[in-house]
Structure formats: structure tokens, C-alpha cells
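Okay, structure first, notes after.
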Amino acid sequence: MQKVYFRAGFINLEIYGDNNGISEIKFVNFYKNLSTNDENLKLCIDELSRYFKGELKSFSVKLNIIGTEFEKNVYNALLKIPYGQVRTYKEIAKSINHPKAYRAVGNANSKNKIPIIIPCHRVVSNSGIGGYTGGISIKTNLLKIEKYL
């Protein structure tokens, strides 16, 4: 497992991955200039750079999604939310054939280890923007990049 860092204007990311794919992205308050020879990590940095410039709408980087079967179903549903659009927790629950499990969807969303690429920021509550593990300001900025807000 290798790690690299990515810096966008309002956020620093610590990214973990290997030949199996990107397994974790963490929001951090620091930046380290680390290089990598891993092609997938290089692609991840390139795609994140283009995403934050508003030039990339769909990621192709290989992912190594870790979680329960339910969580993986939620993450796969999140990957289907188009750039610049949002879905409610309830809509995600219905889409995975668990229509009453919207709180469980929220819980799975909060455990997402690969934010931004698995776009948990595109899930909102019925009454507003909802929460975000990285903080509401990060969620708001991500949705602004995608021209939703």
C-alpha cells in the first residue's frame, strides 16, 4: 500500500492505494510532497486535479471498495449519481431495494472510505443539504464545483 497527497484550493487529501485500486481518501490538514510509481495513484492525482478544475465529470481510476455487502450496494448506487446532480438518502435506499433503510444508507455514506470519487457529497436529506463527514463547507464546495449550488 502506497500513499500520496493531493492539494486543492480548500482541501488536502491523503490517498492510499495499490495494484488493487484506491482504497482510502482522507481529508487532512497538512500536505506532504510524496511521489509514487504506482500508475493508478498517478491517474488518481491527475483525475482529482481535473475534477477540482471542473474539467472531469467521471472518474476512471481503479477502486478497491471495502465494506459490508450493504455498504458496497450503497457505494455502487452512489457511483451512478450523475455529476452535478443529487439524490436523497431515501432515493438511494429505494434504488438498492431497501426502501425503508434510508438511515442505514446515511450510516453507510458516513463510512465511505473513498469520498469524492465515490460521491457521497451528492446525497442530501429531504430537508436540506444534509451532513458530511468532511464537513458541510467541503460538501458545499464540492457541489459548487459540480455547479449544483
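The values are calculated or read from the model by the stated rules, or taken from the named source; none is laboratory data. None of these values were measured; they are calculated from a predicted model. Reconstructed Cβ throughout: ideal geometry from the backbone, glycine too, with neighbour counts over all protein chains shown. Ligands, DNA and RNA are excluded from the accessible area calculation, which covers all protein heavy atoms including side chains. Shrake-Rupley method; radii C 1.70, N 1.55, O 1.52, S 1.80 Å.
Among the listed pairs Lys3/Lys94; Lys57/Lys139; Lys3/Lys90; Lys53/Lys100; Lys3/Lys144; Lys42/Lys94, a Cα-Cα separation exceeding 26 Å is found for Lys3/Lys94; Lys3/Lys90; Lys53/Lys100; Lys3/Lys144; Lys42/Lys94. Rolling a 1.4 angstrom probe over the chain with all protein chains present gives an accessible area of which 47% lies on carbon and sulfur atoms. Amide H to amide H distances under 5 Å link Ala8 with Leu13, where only residues 5 or more positions off or on other chains count and H is placed in the peptide plane. For region 38-149, what is the accessible area per residue in Å², given a 1.4 Å probe and the full set of protein chains? Accessible area per residue, region 38-149: 52 Å². Peptide packing for 124-136, 68-80, 26-38 was compared via the average number of neighbouring C-beta atoms within 10 Å per residue; ordered from the highest value, the list is 68-80, 124-136, 26-38. In straight-distance terms, cross-link reach from Lys26 covers every one of the aspartates and glutamates whose alpha-carbon lies under 13 Å from its own, apart from those fewer than eight places away in the same chain; here that gives Glu14. With Cα Rg over 2.2 N^0.38 Å as the read-out, I listed (1) 1.06; (2) 1.01; (3) 1.37; which label goes with the value calculated from this structure? From the options (1) 1.06; (2) 1.01; (3) 1.37, the structure gives (2). Close amide H pairs (under 5 Å, H built 1.01 Å from N) link Val124 with Arg87, Thr88, Tyr89, residues at least 5 positions away or on another chain.
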